[in-house]
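Reading through the structure tokens given below for one structure.
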Amino acid sequence: LNLRGAGPGRGLARGTYAAACNSDLLPVLHQAAALAAPAPLLAVGLSLGGTVLLNAALAEPALLAGLVCVSSPLDLAASSAQIERPRNGLYHRWLLRALRAQTLADPYGLEPLERDRLRGGGAVRSVRAFDAAITAPRWGFADAAAYYRQASPLPQLLAGQPLPPALLVHALDDPWVPASATCRLVEAGQRGASAGADLEVLLTAAGGHNGFHGRGDGPTASWADRLTARWLARLVG
């Protein structure tokens, strides 16, 4: 599924997506569920796509029969800070250039202030600054801090908000999305204080960000893919 601002649907809507874009995603999931019925609707999200899915599933737990999220940020502030660390400088610069280019290419145009901030770097010199200048105001958040706080699934998961059966897969050596938030879920689950039986967490020592490649895996497949397929198959019998 291509979200707003990405892929072949770029010309169908103005703006860009966010980690919490339920107003876009939920209608699509409702239509998919109607088309799939009576079969169950399952969803898989990689990286930020998993964050988007979790937010939708937390908003309407009965909509999905199950979901898998791989290497997904649960705490957006922590992930933003991690990406801006010096060891991630190369990726950070690439990502920021891509975000600027994607936004400037909006076929519906930009607000004058948005364009001024994006052209030539301007005030947007980090992912957090981009979210403050573009993402937060476009999606109705007061600022980047409010966006990170309200669009992060972790607080709701820790509070035990209802969720369809879900599997979270995360590597402890993920260089871009810290595993600390996922570890907090595991610790809360051990105390019986998280989403409980509907949430499974798999932490691996290695795998990087969306890697999980092992011996015999081709360039486009990983054991996380096979794990996802098996887990979903067991879920629906």
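Numbers below:
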read-out	value
Check on Glu84, in contact with a Lys or Arg (Cβ under 8 Å, 6 or more places away or on another chain) and open to solvent by 60 Å² or more (accessible area, probe 1.4 Å)	yes
Selection from the range 75-95 of residues that are not basic (Lys, Arg) and not in a helix (DSSP H, G or I)	Asp75, Glu84
Residue in the range 31-50 that is exposed (fewer than 15 other Cβ atoms within 10 Å of the Cβ), in a helix (DSSP H, G or I) and not hydrophobic (A, V, I, L, M, F, W, C) present	yes
Counted residues, the range 166-182 - those being touching a His at 6+ places or on another chain (Cβ under 8 Å) and assigned to a loop (DSSP other than H, G, I, E, B)	5
Tabulated pairs, the range 192-204, first of a type in the set (S, T, N, Q), second at pLDDT below 95 and part of a loop (DSSP other than H, G, I, E, B), C-beta under 7 angstrom, 6+ apart or interchain	Ser194/Gly160
Residue match in the range 182-189 (condition: at pLDDT 85 or above, of a type outside the set (A, V, I, L, M), open to solvent by less than 60 Å² (accessible area, probe 1.4 Å) and over 20 Å from Ala78 (Cβ atoms))	no
Qualifying residue in the range 195-204 (condition: crowded, with 19+ Cβ neighbours inside 10 Å, part of a loop (DSSP other than H, G, I, E, B) and modelled with pLDDT of 95 or more)	no
Residues being open to solvent by 70 Å² or more (accessible area, probe 1.4 Å) and among the polar types (S, T, N, Q) - total across the range 134-179	2
Subset of the range 51-74 that is open to solvent by less than 50 Å² (accessible area, probe 1.4 Å) and in a loop (DSSP other than H, G, I, E, B) - its residue that is nearest to Phe212 (Cα to Cα)	Ser71
Residue tally, condition in contact (Cβ under 8 Å) with a residue 40 or more places away in the chain, open to solvent by less than 30 Å² (accessible area, probe 1.4 Å) and either farther than 23 Å from Leu25 by Cβ or not in a helix (DSSP H, G or I) (or both), over the range 100-133	3
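The values are calculated or read from the model by the stated rules, or taken from the named source; none is laboratory data. This is a predicted model, so every value here is computed, not measured. In this analysis, Cβ positions are derived from the backbone assuming ideal geometry, glycine residues included, and neighbour counts consider all displayed protein chains. These accessible areas exclude ligands, DNA and RNA; they are computed on the full protein's heavy atoms, side chains included. Shrake-Rupley method; radii C 1.70, N 1.55, O 1.52, S 1.80 Å.
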